[in-house]
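**Q** Starting off with a structure, shown below.
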Amino acid sequence: MSKAKKPVTHHKPLSQLGRSVANPESPEKAMLERVPNPHITQRYLARFTAPEFTSLCPVTGQPDFAHLVIDYIPNRWLIESKSLKLYLTSFRNHGAFHEDCTVAIGLRLAALINPHWLRIGGYWYPRGGIPIDVFWQTGKPPTSMWIPEQGVAPYRGRG
């Protein structure tokens, strides 16, 4: 006889999942949420890819575009994906340099879920003829894990 799987319970009710939610006005006002990891005894890598991330140049107000890749090895918590989508969308009207956006996202996610390991790659499209790629991680990756490359080719222009 197989055991029935326990339903996943949340540390508190999710406030955005399953309902219509307006886009947050800013990253500071965006609510990131987490859910319990149902496989806490297993080590695995989860990846979020945001190929159409946008923010604003803090000097000119012009849009900046990036392809973000977020990899993490969960501990007790998972990032709730709808809240992540809304958080990333909140940068559309936020003025910050590429480095600030990329590192701020990594820091906030790491603080929320306290993963075994997290990295973010920000592959920014050229502005003024120079692409800027920004990488941040919480520490050395565990040697026992298979951690694939992020899969984003270096910018080659019209090559």
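**Q** Hydrophobic (A, V, I, L, M, F, W, C), loosely packed, with under 14 Cβ neighbours inside 10 Å and within 13 Å of the chain's Cα centre (by Cα) - does that describe any residue in the stretch 91-111?
**A** Scanning the stretch 91-111 turns up at least one residue that is hydrophobic (A, V, I, L, M, F, W, C), loosely packed, with under 14 Cβ neighbours inside 10 Å and within 13 Å of the chain's Cα centre (by Cα).
**Q** Might you check whether a residue that is in contact with a helix residue (DSSP H, G or I) (Cβ under 8 Å, 6 or more places away or on another chain), exposed (fewer than 14 other Cβ atoms within 10 Å of the Cβ) and in a loop (DSSP other than H, G, I, E, B) occurs anywhere in the stretch 32-45?
**A** Within the stretch 32-45 (the criterion being in contact with a helix residue (DSSP H, G or I) (Cβ under 8 Å, 6 or more places away or on another chain), exposed (fewer than 14 other Cβ atoms within 10 Å of the Cβ) and in a loop (DSSP other than H, G, I, E, B)), the answer is no, since none of the residues qualifies.
**Q** Among the residues of the stretch 126-147, which ones are surrounded by 15 or more Cβ atoms within 10 Å (Cβ to Cβ) and of a type outside the set (D, E)?
**A** Scanning the stretch 126-147 gives R127, P131, I132, V134, W136, Q137, T138, P141.
The numbers here are math on the coordinates, done by the rules we state, and not lab data. Computed from a predicted model, the values in this text were never measured in an experiment. Note: ideal-geometry Cβ built from the backbone for every residue, glycine included; neighbour counts use all protein chains shown.
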